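Here is the structure we will look at.
Bear in mind that the values in this text are calculations on the coordinates, not laboratory data. Just so it is clear, the structure is predicted and the values come from calculations on it, not from any experiment. Please note: Cβ atoms are built from the backbone with ideal geometry, for glycine as well, and neighbour counts cover all protein chains shown.
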Amino acid sequence: MDEVRGIIDSHSHYDSTPFDTDRDELLTRMLAEGSPVAAVIHAATDVDSMQFGIGYAARFPRFYTSVGFHPELTAPLPKEPRAVLAKMLSRSDKICAVGEIGLDYHYEGYDRELQIGLLRMQLEFAREHSLPVILHCRDATLDFMELMREYKPKGVVHCFSGSAETAGELVSLGLYLGFGGVLTFKNARRVKAAFAQVPEDRFLFETDCPYLAPEPFRGQRCDSFMIENTALCAAEIKGIPAGELVSKAAENTVRLFGIGV
Ligand SMILES: [Zn+2]
C-alpha cells in the first residue's frame, strides 16, 4: 500500500465535548513533525467556537480557523453578527475562511427567512474580505442552489451528500466539494457516484470530526488521522492510489484557503 501523508483536514470541530478528555494531547501528536496529518482547519459555528479557533491557531502552527455563524446555532445570535465577524477577523492572521455557514432545514421549527438572511450577510462579508466560504447545506437544496447561482462564492460545500447532477452544477459555479467518512458507508451510493465524477482539482477531504467517522470506525469518535480510511475508499472509486488522492486534496485545500503547510 502506498503511504498516505500530507493529510489536510479541511473541516473539523475540535472544540466539541468528545475531545475534552485529550484535546491538547491529540492535537500535539497530530500536528507534530512526522505525523501523516499536515494541517487541520477548524470550522467555527458560534462566538465561543470562533474564540476557540483563534486561540488554538495561535498555539498550533498548522491549525487554521474560520469565522462564521452556523445555520443551526446552539447559542443565540448576537445583536450585530456582522460586527462580531469583523472583530474576530481582526484578532488572527490564521483565519482562512468564513464558515461554517449555510442552510439547514432538517429540524422542525427552523427559521427559513432568518437562515437565508444570515447566509446572505456572511456571503457578502466573505466577498468583501476576499475570503473563501465553508458551506453547509442540509435538506435545503433548492434555496441553497438559488443562492449559489446568485453569489457564485469561492468556497467548499462541505460533507457533500447531493446528487452527481448537483455536484456538477456546483463545480461549474466554481465551488469545491468536501468528502468525508460518509463516502465509506455501504449505503452511500449517491455520494460515491458524485465523487466518481468530481474533477481532481475540485475535491477536498474532511472529517467533520467528532462526527461521521469512516468505516471501519463508523459510530466512534472521529479524528483527522481517519482521513486515511476515507482516502482508501476514495481510491477504489476513482482508481487512483490513496496517497495521490490525499496529495491532490491537499493541493486543492491550500489553493482554496491560501494556507501554508
Ligand atoms: Zn461541520
What's the extension gain from R189 to L26 if we count 0.36 nm per residue and subtract their Cα-Cα distance? 55.4 nm
Add -39500 (n - 2.57) for each DSSP H run of 4 or more in the chain, then divide by its residues: what number comes out at 222 nm, to the nearest 500 deg cm²/dmol? -12000 deg cm²/dmol
Listed by chain and number, the residues whose amide H is under 5 Å from that of L204, excluding neighbours fewer than 5 places away on the same chain and using placed H, are L177, G178, F179
Give me the log10 of I(q) over I(0) for the range 60-163 at q = 0.12, 0.17, 0.22 Å⁻¹, as the Debye formula computes it from C-alpha points; what are the numbers? -0.38, -0.77, -1.24
So which helices of the chain fit the span-like rule, where a helix is a whole DSSP H run, its Cα atoms reach 18 Å or more along the axis, and its mean Kyte-Doolittle is at least 0.5? none
Sites matching GluC sites (Glu not before Pro) across the range 76-127 that sit in DSSP coil, with at most 10 neighbouring C-beta atoms within 10 Å: E108
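Taking the radius of gyration and the Kirkwood hydrodynamic radius from Cα positions alone, what is the Rg/Rh ratio for the range 7-257, to two decimal places? Mind showing how you got there, number by number?
On the way: Rg = 16.9 Å, Rh = 18.0 Å.
Result for the range 7-257 is an Rg/Rh of 0.94.
Taking loop as defined by DSSP and a crowding limit of 11 other beta carbons within 10 Å, which chymotrypsin sites (Phe, Trp or Tyr not before Pro) in the range 60-143 fit?
Details: sites: F63, Y64, F69, Y105, Y107, Y110, F125; in loops: F69, Y105, Y107, Y110.
Those that pass, being in a loop and sparsely packed, are Y107.
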Hey, what D do you get for the range 1-99 in µm²/s if you plug the Kirkwood alpha-carbon radius into Stokes-Einstein at 10 °C and 1.306 mPa s? 112 µm²/s
Contact order normalised by residue count of the range 7-257, Cα under 8 Å, 6+ apart, percent: 19 percent
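Note down the net charge around G102, summing +1 for each Lys or Arg and -1 for each Asp or Glu among other residues with Cβ under 12 Å from its Cβ.
On the way: positive: R120, R138; negative: E72, E100, D104, D139, D143.
Neighbour charge sum, excluding G102 itself: -3.
Going through the range 9-111, which trypsin sites (Lys or Arg not before Pro) have at most 13 other Cβ atoms within 10 Å and a DSSP loop state?
Details: sites: R23, R29, R59, R62, K79, R82, K87, R91, K94; in loops: R62, K79, R91, K94.
Counting only loop positions with at most 13 other Cβ atoms within 10 Å, the trypsin sites (Lys or Arg not before Pro) in the range 9-111 are K79.
Cross-link list K94/K186; K79/K248; K87/K248; K94/K248; K79/K192; K87/K192: which exceed 30 angstrom alpha carbon to alpha carbon? Don't skip to the end; give the middle numbers.
On the way: K94/K186 37 Å; K79/K248 41 Å; K87/K248 34 Å; K94/K248 22 Å; K79/K192 41 Å; K87/K192 40 Å.
Violating the 30 Å Cα-Cα cut-off are K94/K186; K79/K248; K87/K248; K79/K192; K87/K192.
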